[in-house]
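The values are calculated or read from the model by the stated rules, or taken from the named source; none is laboratory data. These figures come from a predicted structure and were not determined experimentally. Note that each Cβ is placed from the backbone with ideal geometry, even for glycine, and that neighbours are counted across all protein chains shown.
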Amino acid sequence: MSRQARIERETRETKISVELALDGTGQSRVQTPLPFLNHMLDQIARHGSFDLTVEAVGDVEIDGHHTTEDVGIVLGQALRAALGDHAGIQRYGSATLPMDEALVTAALDLSGRAFFVWNVPIPKAKLGSFDSELVEVFFEAVARSAQINLHMQLHYGHNLHHIIEISFKAFARALRLATRLDPQNGGIPSTKGVLA
């Protein structure tokens, strides 16, 4: 079974292409005009054991919002397409990970119903050319377009880079668990027989 997808999206603001293979080895080739976003997308591939290719251009001369949100939208669409009918997956995943003084939990359900809870209070700041508030924008775009239930929780931490990076790593680890095939159940992981 091929669990991979390629999605392209072009608007007057951005042009995005994402290729995602769920049963990968953590290889990534990411090129966006936002270096910090590139670094975070690499974390998703590496810690999720996904193969991920992202090519993005956008109107970053205005700001990074459109590019970051649209990359999240297309990544979510690719995730949903790669999962197909969701047959045989674990469905649920969570990870609580530390990075130095910061501790973050990501918990998700590949339910086919979009919901997003963000409890990661971070100050507005710049990381290179990247605005910190775009982290929430990215994860919400992924959750809504992939139609998953995603909760993110900061337990403690004060270094902005650490908080953001461990959020991406926790998300990747949780997604890795949820997308893995369950050897004990090859069907749809729901008593309804469908995820939606």
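Residue by residue, here is whether (1) surrounded by fewer than 17 Cβ atoms within 10 Å (Cβ to Cβ); (2) basic (Lys, Arg); (3) farther than 16 Å from residue 135 by Cα; (4) in contact (Cβ under 8 Å) with a residue 60 or more places away in the chain holds:
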residue: 73; (1), (2), (3), (4): no, no, no, yes
residue: 76; (1), (2), (3), (4): no, no, no, yes
residue: 82; (1), (2), (3), (4): no, no, yes, yes
residue: 96; (1), (2), (3), (4): yes, no, yes, yes
residue: 100; (1), (2), (3), (4): yes, no, yes, yes
residue: 104; (1), (2), (3), (4): no, no, no, yes
*Quick check: is even one residue across segment 106-113 surrounded by 17 or more Cβ atoms within 10 Å (Cβ to Cβ), over 13 Å from the mean Cα position of the chain (by Cα) and either within 24 Å of residue 162 (Cα to Cα) or free of Cβ contacts under 8 Å to residues at least 12 places away in the same chain (or both)?*
no
*Within segment 143-167, count every residue that is of a type in the set (Gly, Ala, Ser) and in contact with a strand residue (DSSP E or B) (Cβ under 8 Å, 6 or more places away or on another chain).*
3
*asked:* Here is a check on your reading of the model: is residue 87 crowded, with 20+ Cβ neighbours inside 10 Å, more than 17 Å from residue 6 (Cα to Cα) and hydrophobic (A, V, I, L, M, F, W, C)?
replied: no
*If the Cβ limit is 6 Å and pairs must be 6+ apart or interchain, which residue in segment 1-26 that is more than 18 Å from residue 47 (Cβ to Cβ) pairs with which residue that is in a loop (DSSP other than H, G, I, E, B) and at pLDDT below 95?*
13/59
*asked:* Report every pair of residues separated by at least 6 positions or lying on different chains whose Cβ atoms are under 8 Å apart, first residue within segment 160-187 and more than 14 Å from residue 92 (Cα to Cα), second surrounded by fewer than 16 Cβ atoms within 10 Å (Cβ to Cβ).
replied: 160/123; 160/125; 162/100; 162/101; 166/98; 186/87; 187/87; 187/193
*Tell me, please, whether a residue that is under 20 Å from residue 82 (Cβ atoms) and assigned to a helix (DSSP H, G or I) can be found in segment 22-40.*
yes
*Scan 44, 7, 16 and give me the residue that is in contact with a helix residue (DSSP H, G or I) (Cβ under 8 Å, 6 or more places away or on another chain) and either assigned to a helix (DSSP H, G or I) or among the acidic types (Asp, Glu) (or both).*
44
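Please find, among 117, 135, the residue that is crowded, with 22+ Cβ neighbours inside 10 Å and in contact (Cβ under 8 Å) with a residue 12 or more places away in the chain. Break it down stepwise before answering.
On the way: 117 fails: crowded, with 22+ Cβ neighbours inside 10 Å.
Going through 117, 135 in turn, the sole match is 135.
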